[in-house]
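Here the structure comes first, spelled out in structure tokens, and everything after it is commentary.
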Amino acid sequence: MQLVRYSISVGLQHVPAEFPYISDTGTYHPESCIFGQLLNISAALAFMTIYVRYKQVEEYNREASTQVIKVNKVSLVLGGLACLGMSMVANFQETSILVVHIIAANMCFGLGIIYCYLQTWISYRMVPFYTTMHSFRVQLVLSTTAASGLILTSIFAGLANMKWTGTDPTKWSPDEGGFAEHIVSTVSEWVLAISFLLFFFTYIREFQKVTIEAHLRLYTEDLEPINYPEV
């Protein structure tokens, strides 16, 4: 998804090829349309994954730790808000309503990191019966990498903006000041996003152990016969 937007943005010379911000690759048309559509789909799929994980943990710990159940509920709420932030990032581009875009990005990344840490703690509590120590360690590394990426992105973005003398932040050039700090910030954001994606991949083996069924209940006593008029 991101590679498609990046290729279009660079091909149309809307952004430089040297590590633009993720949002910069979805600022101008036509890539902004692809950015919005695919990110909304990604937000929906992410929430579905978060909900399946929630039900899985709930089922495993139904008669065990109440603390895990409480943390799992909190993580469901935070994960849902992070997905909402992802959708808002898609629909409020930085060149349209910057304040909303920044708030949504902080929701997506900030709450998303907290979600990852909570689920990592839950994985640790479920070792060795429902998951492995290896899976826990991978999740811990990815959560910490994502947190480090967010911190570095924020710090170096501020430093870069203090030195920047240009007019278009989506086309940052080396002679406009703060370029080195800008590159550190954008690379950190890409690392952050990739860490999020890889974190969800750690659920794959655990999801192979469960099945999901939908049950439809028809309450016939609430139904009334329909009397069609005679012709």
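The values are calculated or read from the model by the stated rules, or taken from the named source; none is laboratory data. As the structure is a computational prediction, the values presented were derived from the model and not from experiment. We place every Cβ from the backbone using ideal geometry, glycine too, and count neighbours over all the protein chains shown. Surface areas here come from the heavy atoms of the whole protein model, side chains and all, with no ligands, DNA or RNA. Shrake-Rupley method; radii C 1.70, N 1.55, O 1.52, S 1.80 Å.
The table that follows gives values for the structure above.
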{"item": "Complete set of residues in the range 132-189 that are within 25 Å of residue 108 (Cα to Cα), in contact with a Ser or Thr (Cβ under 7 Å, 6 or more places away or on another chain) and at pLDDT below 85", "result": "170"}
{"item": "Selection count, the range 204-223, where residues are open to solvent by 100 Å² or more (accessible area, probe 1.4 Å) and either of a type in the set (A, V, I, L, M) or at pLDDT 65 or above (or both)", "result": "13"}
{"item": "Residue list for the range 159-178, restricted to those being out of contact with any helix residue (DSSP H, G or I) (no Cβ under 6 Å at 6 or more places or on another chain) and crowded, with 17+ Cβ neighbours inside 10 Å", "result": "169, 176"}
{"item": "Members of the range 179-190 found to be more than 13 Å from the chain's Cα centre (by Cα) and buried (at least 16 other Cβ atoms within 10 Å of the Cβ), listed by number", "result": "179, 181, 182, 183, 184, 185, 186, 187, 188"}
{"item": "Matching residues in the range 53-70 - criterion: being in contact (Cβ under 8 Å) with a residue 60 or more places away in the chain and open to solvent by 40 Å² or more (accessible area, probe 1.4 Å)", "result": "55, 59, 60"}
{"item": "Conditions (1) surrounded by fewer than 18 Cβ atoms within 10 Å (Cβ to Cβ); (2) modelled with pLDDT under 95; (3) touching a Leu at 6+ places or on another chain (Cβ under 8 Å): number failed by residue 86", "result": "(1)"}
{"item": "Filter result (among the basic types (Lys, Arg) and not in a helix (DSSP H, G or I)) within the range 51-86", "result": "62"}
